[in-house]
Amino acid sequence: MDFIFIQFLNGLSSASSLFLVASGLSIIFGVTRITNFAHGAFYMMGAYVAYTLTESWMGALGFWGGLIAAAVAVAILGALIEIVLLRRIYNSPELFQLLATFGVTLVIQDLVIQIWGVDDLLGRRAPGMKGAVEIFGQAFPTYELMLIVLGPLCLGALWLLFNKTRWGVLVRAATQDRMMVSALGVNQAWLFTGVFTLGVFLAALGGAVQIPRDAVHNAMDLQIIVEAFVVVVIGGFGNVLGAFLASFIIAELNAFGILLFPKISMILMFLVMAVVLVIRPYGLLGKAEAHPRTALGSVIRPWAPLSKLGKNWVLALGLALVFLPMFAGDFLLNVSTEILIFALFAASLHLMMGVGGMVSFGHAAYFGLGAYGTALLVKFLGLSMGATMVLAPFLAVAGAIIFGWFCVRLSGVYLAMLTLAFAQISWSVIFQWDDVTGGDNGLLGIWPDAWAADQTSFYYVTLAIVGISVYAIRRIVFSPFGYTLRGCRDSLLRADAIGIDRLRIQWFGFVLAGSFAGVGGVLFAYLKGSVFPDYISIPLSVDGLVMVLLGGIQTVAGPIVGAGVFKALSTFIISHTEFWKIILGSFIIVLVVAFPQGIVGFFLEHFSKKKDSIEEGKS
Amino acid sequence: MSSLVVKGLSKSFGGVKAVTNVGFEVRKGELLALIGPNGAGKSTCFNMLNGQLKADGGSIKLFGEEIIGLEPRQVWRKGVGRTFQIAATFTSMTVIENVQMALISHHKRLLSMLPFAGSLYKEEAYELLELVSMQDQAERPCGMLAYGDVKRLELAIALANDPQILLMDEPAAGMAPNERIALMQLTADIVKEKDISVLFTEHDMDVVFSHADRVMVLNRGELIALGLPSEIRENEEVQSIYLGTGAVYDEELVGNA
């Protein structure tokens, strides 16, 4: 009993820290509609800066002052980022905002490593709170008690701020209807900057108060951001009280989950989130958005099958790929095989996102399931490559059927978060189920059959499968089903009014996209000869998004081009510099802000003949 | 003969009764107008008819078949077409593709993955566009159309499944006066030609009294009058709702609408 109570208190103190981060995220989303992926990075910065300050400033004042100063310093950085970057993308689709802030995360990750190194840093204990108090005969750290009080204290302060000050009233008004607020003459730009700064301050404070509890390390950001997203989604985006409730639920779930179900502790939180979203699609206390945003990929230029010129290009590319092994060495062939696989991955993501309008932040789940399906079939059943290639994608299909059923019930940011959650569930299962999946060590020794073992043969196998799959995806895009999927994206109201069963269509589209990603995963497992949890992780999902975006989300050929350029570039960059995260991050930011139409979109805009006819039609 | 028979239709939101015990019939081949001041329950009524809102109670029979409680897509399959107050079309497609989409759905080929959608039912779609005089703009991107043209396109889409009855929610809203007359004339012609029925809501009394065969009036969720336009014009209760008391209906309202 006593032990349970102590565990409950532990849960409470974690809930407080989680609430600091999640409330900031929620406030930012509520007003600016930006889903701030960089929130975890600000949390991490808060911890690192606080570490440095408290190490150099002495005494109790130095410690507590250091924590506050760190949060303020990071908040100023956040304000700068808001002014320089985010102001340019407030009207972009949510995907662009997610990606831009992910780019910021990457840059900060690398900067942190450059400044503070890769080793864990142990911070100073809080002066005057080094001891413990006795509760039911058990020692409980004083500092943790302080944290338990801090959460409700912050909630109270936020309540006062939002209900008793003019600024707070404006923020609440903007949360409900920001178009109306700007129509009333409120300067939105500074309101947004203020809100963003406040949110970052809370995140950084959340990070700073961690230093007496835990080591400061450079994986803190992704760890906390996923949890914070879950909290905000459960509580309802933009709702502070909801974030408080959800923080409590998640923290207690973690505290007791680790005792009761140690094997699946990481999954519990995502299961709760999935259940909440199905019952209450906008979270416990959230409401639907007042002004739905323009759907991603809505375009003025309707898609058309390839022109003659386009067909010639495809033919030329195809021939070049067929003859490539004649003059390419093993390394180039290996890279080319990988590019082909990622072209399929990107094309499948585009089917879901560009055609279906369902933004996925966890598309790697299906890629990874395909790869692990392969490894398991080879390891446990000893199947040949042919049989494996046919059967393994079905693991991805099964995943997409189950996850998709939940996901298509939501839309926009909530859908993206749920896909992320399911990807993390899959990742957790694979990471924790050592006996079957090998956990962190992965599974090794998955090689193609002898006839396809050399680089050239496997390249041709990949070329054939990717070629057929990409052709199939393209056919689907221009088939009645592809049009229907696009129709659901363009106007739900109209789709419903002409007899289209939206849920069924989107579910089916989701599963198709997942299946093609799974096929990519199978090829990738054979190419690498091994599988690792990385294949199912967030960074891979983001790579996919960048490929689609780089090529041009509003075009059909874009993802293929994007995959080629991105993979070639990243292979080159990684082999030449250690700053690849900074480069990739900046690259993503520039892409989103300055080049949102992508490479193919750019060419269509500037060199397409169709443009003239459209212009003529206008006049 | 009646195509649609509505009885005892009710809906409340929280404690507010939006629609109370509304009943009427739509006769075959007629244009029936549904009018009433803002907040009278017109849109609520409309949205219940096509299944977008779940009714609290009542019955909606289409040629004798109960359709209350069905989803909008199922109602559509029974032969009820719909246009929206704020036009809803597929903006990433061309004009003709929008109509083809509706035809593909009508022919139950939504899940088909082999044919090119762009060449399916093209002639039928073209004929529908001709019907609403949009054939010249068939290949234009839908997102670039003038608003009046979008409304005409919606009409073509709504006609794609050979509906028995069309529900048109403020078909003329947001259009120039001459466009309104043209669109309603077009609708009336189609109704006569295909022998179907139209139920429409409208604020523009010019449109209502020049095109409707019969008019019904909702106020605070209750049906207060139903009859020929001339009868409705003379109805004192209707006049008082629209004008307060004492004003002359024709000049004041028709003139300023």
Elements of type strands (runs of 3 or more DSSP E) in segment B:1-96, at least 1 residues being at the interface with chain A (Cβ under 10 Å from one of its Cβ atoms) and polar (S, T, N, Q): B:80-83
B:A102 vs. criteria touching a Ser or Thr at 6+ places or on another chain (Cβ under 6 Å) and more than 17 Å from B:L9 (Cα to Cα): no
Looking only at segment A:279-301, and only at residues there that are buried (at least 17 other Cβ atoms within 10 Å of the Cβ) and modelled with pLDDT under 60, the one that is farthest from the other protein chains (Cβ to nearest Cβ): A:L296
Sole residue being closer than 30 Å to A:L503 by Cα and aromatic (F, W, Y), chosen from A:Y460, A:Y471: A:Y471
Any hit, segment A:417-434, residues being surrounded by fewer than 22 Cβ atoms within 10 Å (Cβ to Cβ), in contact with an Asp or Glu (Cβ under 7 Å, 6 or more places away or on another chain) and modelled with pLDDT under 95: yes
Candidate set: segment A:497-519, residues that are surrounded by fewer than 24 Cβ atoms within 10 Å (Cβ to Cβ) and not hydrophobic (A, V, I, L, M, F, W, C); chosen: the one modelled with the highest pLDDT: A:S515
Tally of residues being over 20 Å from A:R409 (Cα atoms) and more than 8 Å from chain B (Cβ to nearest Cβ) across segment A:465-498: 11
Helices (runs of 4 or more DSSP H) fully within segment A:302-415 counting 2 or more residues that are surrounded by fewer than 17 Cβ atoms within 10 Å (Cβ to Cβ): A:308-327, A:330-350, A:385-391, A:393-407
Number of the exception - B:I196 against (1) within 14 Å of chain A (Cβ to nearest Cβ); (2) under 21 Å from A:I498 (Cβ atoms): (1)
Residues of segment A:231-284 satisfying the condition of being of a type in the set (K, R) and under 20 Å from A:G412 (Cβ atoms): A:R280
Whichever residue in segment A:520-578 is of a type in the set (S, T, N, Q), more than 20 Å from the chain's Cα centre (by Cα) and modelled with pLDDT under 90 and, among such residues, is surrounded by the most Cβ atoms within 10 Å (Cβ to Cβ): A:T555
Segment A:229-246 residues that are in contact (Cβ under 8 Å) with a residue 24 or more places away in the chain, paired with ones that are aromatic (F, W, Y) (beta carbon under 6 Å, 6 or more apart): A:G236/A:Y282; A:F237/A:F29; A:G238/A:F29; A:F244/A:F19
Residue in segment B:23-45 that is farther than 26 Å from B:M184 by Cα and loosely packed, with under 15 Cβ neighbours inside 10 Å present: no
Residue match in segment A:593-603 (condition: within 21 Å of the chain's Cα centre (by Cα) and modelled with pLDDT of 85 or more): yes
Qualifying residue in segment A:474-484 (condition: in contact with a strand residue (DSSP E or B) (Cβ under 9 Å, 6 or more places away or on another chain), assigned by TED's automatic domain parsing to the domain that holds A:L376 and among the aromatic types (F, W, Y)): no
Residue count, segment B:104-128 (criterion: on the phi < 0 side of the Ramachandran plot, more than 8 Å from every other protein chain (Cβ to nearest Cβ) and surrounded by fewer than 21 Cβ atoms within 10 Å (Cβ to Cβ)): 7
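The values are calculated or read from the model by the stated rules, or taken from the named source; none is laboratory data. The structure displayed is predicted, hence computed values, not measured ones. No Cβ is skipped: glycine too gets one built from the backbone with ideal geometry, and neighbour counts run over all protein chains shown.
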